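> To start, I am sharing the structure in question, which I have written as structure tokens.
The values are calculated or read from the model by the stated rules, or taken from the named source; none is laboratory data. Keep in mind the model is a prediction, meaning the values are calculated, not measured. Because the Cβ atoms are built from the backbone with ideal geometry, glycine has one as well, and the counts that use them run over all protein chains shown.
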Amino acid sequence: MKEKIALGFGNNIDYEITWNSSVFEELIVRYGIRDDELDINTLIRSERDLVVSILSFLKLGIGGERFVATSAIIEELAQHFDNKMTLGGTSVRAALAMRTLGYTSALHLVTTNDQVRALLPPDCPYVCSNPQDQSYPHLIVQFSKGIRVKAGDIDIHTNRPNRLIYHSDDANIAMNLDEGFADLVTEARVMLISGFNAMQDESLLADRMETVLRIIQNLPDGAQVFYEDAGFYEPRFCHLIYDILAKHISIFSLNEDELQDYLKREIDLLDIAEIEQALQVLQKLIPVPVIVVHTRHWALAYGEQANRFADALKAGVTMATTRFCYGDDFTAENYRQVEALPPDEEHAVFVDAVNARANDRLCCVPVAHVDQSNATTVGLGDAFVGGFLTALL
């Protein structure tokens, strides 16, 4: 029997470095980096540029994803730190999270190599659009709350955890697609679309979307198409995707940083009026039946019969919080433990107030309260997707 969950489309290998403030302080001194040159939009053409970019995000306390000129820059910086190799990409991380709870899925890959084959769930069927083994590592930088970096005139102290992703990934930039994936989705009840944010050629992206459309045609009647947003290398490309796929997307999902990027401003995540206004603006920009927003405080569904997603939202935030606490190696028992935890009181009050004044177009659930000093901050959105999609079944 074919899989009920289909996950596309990109994947990669991650180098997850262990944070070390002393190393960054040494690099600040070595390269003479100054506070006034910190800019999250720095073009990354050298190791120095990469350090500037990391410090810039650290100073603002936000996460992000950036393109690097060559993979050699990533290899160079990674050598300064303890690091481990993991699977990256929303689809494969979601597959790993699902597998912990006993769910298998069909995958579309763009790269394979010995490390990918060793780390993938062995009972999840897949196609790969590139026949030759390749490797384009992504650098994953995670920082916790309370991190301090002090050197020269730079003095940064983080007030919350987050993660950064850097890559020079030709496979994900080209995003070749294998139309044989259509044969794996014929019994899927839900299909994930993700991973196109690294693409840099508009005509090529339009071609890939036409291929995705042909794959979607093989889904059975009633199947839901779930689109997970990401930080685009070229922000205007996201609208091209919506123009082509909007009629086929059932659920459009994004995190708090991506939401604020669309609005081009920061919002108070615990201000009901601001959140409602943001959702109204977003749905005008992206006219899909349901929008899902997942944040560090809560997750919500906005749109047609939003209340039917209450269980999926709960499963999503539980999976993400479990990964936050236990990293790659969390177990089903860890998931159940987190599932039973109460939320932070302030966040619970906000969620209750949202649901009390909402009609059936808005449903919100709180995130469990956890105290975690050494948290995992990468892949939380991917884990949310994994939890949400399993609950849809």
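> Just one of the numbered conditions (1) of a type outside the set (F, W, Y); (2) modelled with pLDDT under 95; (3) surrounded by 15 or more Cβ atoms within 10 Å (Cβ to Cβ); (4) more than 15 Å from the chain's Cα centre (by Cα) is not true of R296; which one?
The number of the failed condition is (4).
> Moving to a separate point now. Taking the stated definitions as given, is Y302 aromatic (F, W, Y) and at pLDDT 95 or above?
Values: aromatic (F, W, Y): yes; at pLDDT 95 or above: yes.
It is true that Y302 is aromatic (F, W, Y) and at pLDDT 95 or above.
> Take I286 and tell me if it is farther than 30 Å from L119 by Cβ and either touching a residue at least 60 places away in the same chain (Cβ under 8 Å) or within 16 Å of the chain's Cα centre (by Cα) (or both). Talk me through it step by step, then tell me what you get.
Values: farther than 30 Å from L119 by Cβ: yes; either touching a residue at least 60 places away in the same chain (Cβ under 8 Å) or within 16 Å of the chain's Cα centre (by Cα) (or both): no.
So I286 fails the test.
> Could I ask something else about it? Quick check, is I44 closer than 26 Å to I173 by Cβ, in contact with a Lys or Arg (Cβ under 9 Å, 6 or more places away or on another chain) and not assigned by TED's automatic domain parsing to the domain that holds N197?
The answer is yes for I44.
Condition check ((1) in contact with an Asp or Glu (Cβ under 8 Å, 6 or more places away or on another chain); (2) touching a residue at least 40 places away in the same chain (Cβ under 8 Å); (3) among the hydrophobic types (A, V, I, L, M, F, W, C)) across all residues:
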residue: L313; (1), (2), (3): no, yes, yes
residue: V317; (1), (2), (3): no, yes, yes
residue: A320; (1), (2), (3): no, yes, yes
residue: G327; (1), (2), (3): no, yes, no
residue: N334; (1), (2), (3): no, no, no
residue: Q337; (1), (2), (3): no, no, no
residue: A340; (1), (2), (3): no, no, yes
residue: D344; (1), (2), (3): no, yes, no
residue: V349; (1), (2), (3): no, no, yes
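> Kindly provide the set of residues from the stretch 302-316 that are farther than 16 Å from L269 by Cβ and either surrounded by 20 or more Cβ atoms within 10 Å (Cβ to Cβ) or not polar (S, T, N, Q) (or both), ordered by number. It would help to see each step written out before you state the result.
Initial filter on the stretch 302-316 (farther than 16 Å from L269 by Cβ): 303-312, 314-316.
Result: G303, E304, A306, R308, F309, A310, D311, A312, K314, A315, G316.
> Now for a separate question. Taking the stretch 156-214, which residues are of a type in the set (V, I, T) and under 22 Å from the mean Cα position of the chain (by Cα)?
Within the stretch 156-214, T158, I165, I173, V190, I193, V212 qualify.
> Looking at I156, is it touching a Leu at 6+ places or on another chain (Cβ under 9 Å), in a strand (DSSP E or B) and at pLDDT below 95?
Numbers: touching a Leu at 6+ places or on another chain (Cβ under 9 Å): yes; in a strand (DSSP E or B): yes; at pLDDT below 95: no.
Spelling it out, it is not the case that I156 is touching a Leu at 6+ places or on another chain (Cβ under 9 Å), in a strand (DSSP E or B) and at pLDDT below 95.
> Can I ask one more? Just checking, which of I140, I62, I54 is within 28 Å of E256 (Cα to Cα), part of a strand (DSSP E or B) and in contact (Cβ under 8 Å) with a residue 12 or more places away in the chain?
Numbers: I62 fails: part of a strand (DSSP E or B); I54 fails: part of a strand (DSSP E or B).
Exactly one residue qualifies, and that residue is I140.
> Still on this model: Out of the stretch 33-51, which residues are in a helix (DSSP H, G or I), closer than 15 Å to A151 by Cα and in contact with a strand residue (DSSP E or B) (Cβ under 9 Å, 6 or more places away or on another chain)?
Within the stretch 33-51, just D35 meets the criteria.
> In the stretch 352-370, what residues are of a type in the set (A, V, I, L, M) and over 23 Å from the mean Cα position of the chain (by Cα)?
Step one: filter the stretch 352-370 for residues of a type in the set (A, V, I, L, M), giving 353-354, 356, 358, 362, 365, 367-368, 370.
If the condition is that a residue be of a type in the set (A, V, I, L, M) and over 23 Å from the mean Cα position of the chain (by Cα), then A353, V354, A356, A358 are the ones that fit.
> Between E274, E266, E234, which is free of Cβ contacts under 8 Å to residues at least 40 places away in the same chain, surrounded by 14 or more Cβ atoms within 10 Å (Cβ to Cβ) and not in a helix (DSSP H, G or I)? Spell out how you get there, then give the answer.
On the way: E274 fails: not in a helix (DSSP H, G or I); E266 fails: surrounded by 14 or more Cβ atoms within 10 Å (Cβ to Cβ).
Of E274, E266, E234, the one residue that is free of Cβ contacts under 8 Å to residues at least 40 places away in the same chain, surrounded by 14 or more Cβ atoms within 10 Å (Cβ to Cβ) and not in a helix (DSSP H, G or I) is E234.
> Could you grab me the full set of residues in the stretch 105-114 that are farther than 9 Å from N11 by Cα and buried (at least 16 other Cβ atoms within 10 Å of the Cβ)? Can you show your working first?
So the first thing to find is which residues in the stretch 105-114 are farther than 9 Å from N11 by Cα, and the list is 105-107, 113-114.
Those that are farther than 9 Å from N11 by Cα and buried (at least 16 other Cβ atoms within 10 Å of the Cβ): S105, A106, L107.
> Which one is surrounded by the fewest Cβ atoms within 10 Å (Cβ to Cβ) among residues in the stretch 167-198 that are part of a helix (DSSP H, G or I) and in contact with a strand residue (DSSP E or B) (Cβ under 6 Å, 6 or more places away or on another chain)?
So the residue we want is G180.
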